[in-house]
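Laboratory data are not the source of any read-out in this text; all were calculated from the coordinates shown. This structure is a prediction, so every number in the text was calculated from the model and none was measured. With ideal geometry, Cβ positions are generated from the backbone for all residues, glycine too; neighbour counts draw on all protein chains shown.
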Amino acid sequence: MGKDVWIKFKKLSERSRIPCFAHADDACFDLFSPVNQTIPAGKSVVIDLEIASEFPPGYEVVLRPRSGMGIKKALFIHLGTIDAGYRGNWIVRLFNFSEEPYDIHQEDRIVQGALRKIPTVHILESFDLSPSERGENGLGSTGR
């Protein structure tokens, strides 16, 4: 197995909760709402998770929706990235695509975090790009 990586979390309020894995073999850890909040049908809300973090350079945390919330309740989040050097509060935007308001309660699991290793990327301006099978064929070019 690979090297263990630790994420330090700091609670920014008494009502916030440190993220955790629901099961030992889960790919993502759960993040919790520190507040009660209603998301009106067809609207979105921003929720400050009231936590901050520290983890090693070369990693990112990807914020993504919880599968059950999307499939069962039509709730999604704005995908986001937490960079290793960021020490501020984590904030998420949740969208309610259903026709009913949705109530979030304090300590509900509302989003998932996935720690991902990222390569060091170097940017190079180029005046020529090598050909590829796809070429410049874009949106919808591979069919339905």
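Some observations on this one:
- For the stretch 58-96, there are no residues whose amide N sits under 11 Å from a probe point set 7 Å from the Cα of Glu107 along the beta carbon direction.
- Dipole moment magnitude, nearest 20 debye, the chain about Cα centre, only Lys, Arg, Asp, Glu C-beta charged: 240
- Set of aspartates and glutamates with alpha-carbon distance to Lys8 below 16 Å, sequence-local pairs under 8 removed: Asp30, Glu50, Glu54, Glu60, Asp83
- Toward the positive end of the charge dipole of the chain, with +1 on the Cβ of Lys and Arg and -1 on the Cβ of Asp and Glu, the farthest Cα among Ser16, Phe97, Leu129 is that of Ser16.
- Its relative contact order, with pairs defined as Cα atoms under 8 Å and 6+ residues apart, puts the chain at 29 percent.
- When shorter helices are ignored and each DSSP H run of at least 4 residues is given -39500 (n - 2.57), the per-residue value for the chain at 222 nm works out to -1000 deg cm²/dmol.
- One equal scatterer on each Cα of the stretch 1-65, no solvent, Debye formula: the resulting log10 I(q)/I(0) at q = 0.17, 0.26 Å⁻¹ is -0.77, -1.34.
- Debye log10 I(q)/I(0) at q = 0.14, 0.17, 0.19, 0.21 Å⁻¹ for the chain, Cα point scatterers: -0.79, -0.98, -1.11, -1.25
- The listed peptides 81-92, 109-120, ordered by packing as a protection proxy, come out as 109-120, 81-92 (highest mean of other Cβ atoms within 10 Å first).
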